[in-house]
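Heads up: the structure comes next, in structure tokens.
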Amino acid sequence: MDASAWDDRYRHSELVWSAGPNQFVVERTSGLVPGRALDLACGEGRNALWLAEQGWQVEAADFSEVAIEKARRIAGHRGIPVSFSVADAVTGEGLTVFQPFDLVLVAYLQLPDPDLDAALAVAASMLAPGGRLLVIGHHLDNLDRGHGGPTDPAVLHDPARIADHLRSVRPQLDLVHSGEVERTVDTPDGPRRAVDSLVEAVRHA
Ligand SMILES: C[S@@+](CC[C@H](N)C(=O)[O-])C[C@H]1O[C@@H](n2cnc3c(N)ncnc32)[C@H](O)[C@@H]1O
């Protein structure tokens, strides 16, 4: 989907993604000392807003202008200071970064491999020494064993492949975690399981 298709999607619903943060963002960052964070492909900013509430100084970007407008409105309404911008995660166009980040989050950016790889290279290049990269997405196995998410296998995440790619573009990254994780989704028919991919890496100090 291009930016205008995402704009339409965001325009036609009040909040496309749940307003609360993703559970793995909460789990993997809760013990960290807050510093500077970047949320790439932030959507309506649920994770960026939560990180800022935990004391992180957050910049967040998405290529959908409508999503960023909504994120800014929510942040203003809740009085949470997040710097939102419109930028393309794949090309890096629109990203103005003056200082590297202690945490870079890429959550549910479901793109075909060449585009995802380019976005992850952009994300990894933004890390400060000691900084942490968190890549969360719908797992390839979600198709057979999980609920919801995209049905096109080309955009589903394979954590082993993502980890290999990150190591090849940024040899200074130490892998902390690479594998599948499970999330419970509430549906009208009761709780269902979603299979996600989680890759976490830290740049050597
Ligand atoms: C499934 S949503 C996830 C949003 C957010 N990360 C979250 O977890 O709530 C995917 C987001 O990726 C954004 N996106 C897709 N391709 C992008 C690109 N090339 N550059 C920036 N954002 C992109 C979409 O606009 C959308 O907001």
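Residues that are over 15 Å from Val104 (Cβ atoms) and either surrounded by fewer than 17 Cβ atoms within 10 Å (Cβ to Cβ) or within 14 Å of the ligand (Cβ to nearest atom) (or both) do not occur anywhere in the range 121-135. The single condition from (1) of a type in the set (A, V, I, L, M); (2) within 24 Å of Arg36 (Cβ to Cβ); (3) surrounded by fewer than 22 Cβ atoms within 10 Å (Cβ to Cβ); (4) within 19 Å of the chain's Cα centre (by Cα) that Val185 fails is (2).
Give me the helices (runs of 4 or more DSSP H) completely within the range 1-89, filtered to those with at least 3 residues that are aromatic (Phe, Trp, Tyr), ordered by residue number.
Numbers: elements: 3-11, 23-29, 46-53, 65-78.
Where helices (runs of 4 or more DSSP H) fall fully within the range 1-89, none carries at least 3 residues being aromatic (Phe, Trp, Tyr).
From the residues in the range 39-88 that are in contact with a Cys (Cβ under 7 Å, 6 or more places away or on another chain) and open to solvent by less than 10 Å² (accessible area, probe 1.4 Å), which one is farthest from Phe101 (Cα to Cα)? For the range 39-88, the residue satisfying everything is Ala71.
The criterion of at least 2 residues that are more than 21 Å from Gln23 (Cβ to Cβ) and basic (Lys, Arg) is met by the following helices (runs of 4 or more DSSP H) wholly inside the range 103-205: 159-169. Just to check your reading of the model, which residue among Asp144, Asp158, Asp113 is of a type in the set (Asp, Glu), touching a helix residue (DSSP H, G or I) at 6+ places or on another chain (Cβ under 8 Å) and modelled with pLDDT of 95 or more? None of the others qualify; the one that does is Asp113.
Can we say Thr96 is among the polar types (S, T, N, Q), modelled with pLDDT under 95, out of contact with any strand residue (DSSP E or B) (no Cβ under 6 Å at 6 or more places or on another chain) and open to solvent by 30 Å² or more (accessible area, probe 1.4 Å)? So Thr96 fits the description; yes.
For every residue, the table says whether it meets (1) among the basic types (Lys, Arg); (2) more than 16 Å from the chain's Cα centre (by Cα); (3) near the ligand (Cβ under 8 Å from one of its atoms).
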site	(1), (2), (3)
Asp8	no, yes, no
Arg11	yes, yes, no
Glu14	no, yes, no
Asn47	no, no, yes
Trp50	no, no, no
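Looking only at the range 56-115, filter to residues that are in contact with a Gly (Cβ under 6 Å, 6 or more places away or on another chain) and over 17 Å from Tyr10 (Cβ atoms); which one of those is nearest to the ligand (Cβ to nearest atom)? By that ranking, first place goes to Phe101.
The values are calculated or read from the model by the stated rules, or taken from the named source; none is laboratory data. Everything numeric in this text was worked out from a predicted model, so none of it was measured. Because the Cβ atoms are built from the backbone with ideal geometry, glycine has one as well, and the counts that use them run over all protein chains shown. Note: accessible area is taken over every heavy atom of the protein model, side chains too, but ligands, DNA and RNA are not part of it. Shrake-Rupley method; radii C 1.70, N 1.55, O 1.52, S 1.80 Å.
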